[in-house]
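**Q** Take this structure, written in structure tokens, and hold onto it; I'll ask about it next.
Every number in this text was worked out from the coordinates using simple rules, so none of it is lab data. Note that this is a predicted model, so its numbers are computed, not measured. Glycine gets a Cβ as well: all are built from the backbone with ideal geometry, and neighbour counts include every protein chain shown.
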Amino acid sequence: MKLRISCFFFLSLFFFSCLSDSTDDNGNVTPPLIEDDFPETRLKWGFMNKDGREVIPAQYDDADNFMQGRAAVRMGAKWGYIDRNGETVIEPRFRAAYAYKEGLARVTTFSDKTGFMDINGIWGIEPRYDEAKDFSEGMAAIVVGDSYGYINERGQMIIPHEYDKAYPFMEGLAVVERSRLYGVLNKQGEFVIPLNYKKIHVPKEGLIRVKQDGMYGYFNLEGEQVIDFKFPMAKDFQQGYAPVKENSLYGFIDKDGEWVTEPVYQNLWSANDSLWCAEKNGRFGVLNAKGEPITSFTFEQIYSYSEGLAGYRVNDRWGYMDVNGEIITPPNYILIWGHKEGLARVATDEGIFFIDTKGKKAFHPMKRDVRDFQDGLARFQE
């Protein structure tokens, strides 16, 4: 009975942790609807260092991770920013505040207008947009009325707001949607791929996945189709190979669209920049960049790699393996999270611990809730 209660506690903690990490398309917390949505809470957030020592007291009603030396924090219904010493650098006065990206942070006022602030709290772009996304490659998608366009870091409208959806720039290109059809723009607002397709994914390794009439093919960055529409499902290229589906099974093709590994897997997904996770006959293993197995297919589940280690499950318990498929820790944990900055959270029968990359216990945080390290600090709730 004691073990069942412990498991339920950790599963509940994991579930609510996922809920409180609910994010928008840019990985940020969804803002409140009105100022009164968030009264002061009894449980507060603070930050600890890698020794498990509290360095910023738990005094905030909510908090985001540190990025570029700043963290967004909420007092009551209002968001502002603190530095790594816990000093308030931008007073809480915003309806929503997001992490710094490319030197600018998105903030939304209580007038429901969004702009961008620099790291010193000076407006880089005044709050005049109905909605905005973070900067990527020097461009940010913004909303005026009901339409998306793009601005540069000086707030100049580079691409007019005339799209129903707009996605971040990657490899110099951005996917846009209008009237349920997708196309691809360059930074001058010129169409590289016209608005003719049912689905387009962001570029990866110089190729773009495109869906038409229920089948996937690939275009290059110049908008030329290089692989025909012939796969019912396809994923992005990695190290020159991409998983595609045929007859309900996945295999790998090269950039010429030729098979290099026959379709024998129920599922394939990226494990890191050079490895793949695969499912075969209900069991999981790891493949190298070319689709060759580096582990046996004996695992109940495998997570993608984080800092060179991947979680695996055997007999309903979790452990970690390295990029060679070597077992680093036995499957001793109820739940695990990925390593961040050399430490990972694990749930044991004794509680939540941080462990290092060798599986050695670093410290027991002794907090109601704790999150991963970023910029050398981890947020906690007590």
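**Q** Are any of the pairs LYS133/LYS358; LYS280/LYS367; LYS133/LYS340; LYS78/LYS101; LYS101/LYS340; LYS78/LYS358 more than 29 Å apart by Cα-Cα distance, and if so, which?
**A** Result: LYS133/LYS358; LYS280/LYS367; LYS78/LYS358 exceed 29 Å.
**Q** Filter the trypsin sites (Lys or Arg not before Pro) in segment 274-382 down to the DSSP loop ones having no more than 14 other Cβ atoms within 10 Å, then list what survives. Mind showing how you got there, number by number?
**A** On the way: sites: LYS280, ARG283, LYS290, ARG313, ARG317, LYS340, ARG345, LYS358, LYS360, LYS361, LYS367, ARG368, ARG371, ARG379; in loops: LYS290, LYS358, LYS360, LYS367, ARG368.
Filter output for segment 274-382: LYS290, LYS358, LYS360, ARG368.
**Q** Let me ask something else. Taking square-rooted eigenvalues a ≥ b ≥ c of the alpha carbon gyration tensor, is segment 200-279 rounded, prolate or oblate, where a/c under 1.5 means rounded and, failing that, a/b exceeding b/c means prolate?
**A** Taking the square roots of the gyration eigenvalues as a ≥ b ≥ c, segment 200-279 is oblate.
**Q** Let me make sure I get this right: for the chain, a, b and c are the square roots of the gyration tensor eigenvalues over alpha carbons, sorted descending. Under 1.5 in a/c it's rounded, otherwise prolate if a/b > b/c, else oblate. Which is it?
**A** Oblate, because a/c is 1.5 or more while a/b does not exceed b/c.
**Q** For segment 296-348, build the charge dipole from Cβ charges (+1 Lys, Arg; -1 Asp, Glu) around the Cα centre, then report which of SER304, ILE334, ASN315 sits farthest towards its positive end.
**A** Highest projection toward the positive end goes to ILE334.
**Q** Express in nm, to one decimal, how much length is gained between ASN196 and ASP369 on full extension, taking 0.36 nm for each residue of separation and deducting their alpha carbon distance.
**A** Gain on extension, ASN196 to ASP369, equals 57.6 nm.
**Q** Name the long-range amide H neighbours of ASP164: under 5 Å, sequence gap of 5 or more, or other chain; modelled H, no Pro or chain starts.
**A** Here TYR148, GLU177, ARG178, SER179 satisfy the definition.
**Q** First measure r as the distance between the Cβ atoms of ASP118 and ASN267, then evaluate 1/(1 + (r/R0)^6) with R0 = 45 Å and state the FRET efficiency to the nearest 0.05.
**A** 0.55
**Q** Further, regarding this structure: Mind putting a number on the dipole of segment 227-382 about its Cα centre? Charges go on the C-beta only, +1 for Lys and Arg and -1 for Asp and Glu, and I need it in Debye to the nearest 20.
**A** 460 debye
**Q** Quick one: grab the alpha carbon gyration tensor of segment 270-382, order the square roots of its eigenvalues as a ≥ b ≥ c, and give me rounded if a/c is under 1.5, else prolate or oblate depending on whether a/b is larger than b/c.
**A** prolate
**Q** Now, a different point. Rounding to the nearest 20 debye, state how big the charge dipole of the chain is about its Cα centre with +1 on each Lys and Arg Cβ and -1 on each Asp and Glu Cβ.
**A** Dipole magnitude for the chain comes out near 920 debye.
**Q** Moving on to the next point. Have a look at GLY121, MET233, ALA362 and report the one farthest towards the positive end of the charge dipole of the chain, computed about the Cα centre with Cβ charges (Lys/Arg +1, Asp/Glu -1).
**A** The residue sitting farthest along the positive end of the dipole is ALA362.
**Q** For segment 216-270, what is the charge dipole size about the Cα centre, in debye to the nearest 20, if Lys and Arg each add +1 at the Cβ and Asp and Glu each add -1 at the Cβ?
**A** Working: 4 positive and 9 negative charges, 52 e Å.
The dipole magnitude comes to about 260 debye.
**Q** A further question on this structure: Go through LEU43, TYR100, GLN212 and say which Cα lies farthest out towards the positive end of the charge dipole of the chain; charges sit on Cβ, +1 for Lys and Arg, -1 for Asp and Glu.
**A** The listed residue farthest towards the positive side: LEU43.
**Q** Then there is this: On a full-extension model of 0.36 nm per residue, what is the gain between SER179 and GLN301, subtracting their alpha-carbon distance, rounded to one decimal in nm?
**A** 40.0 nm is the gain from fully extending SER179 to GLN301.
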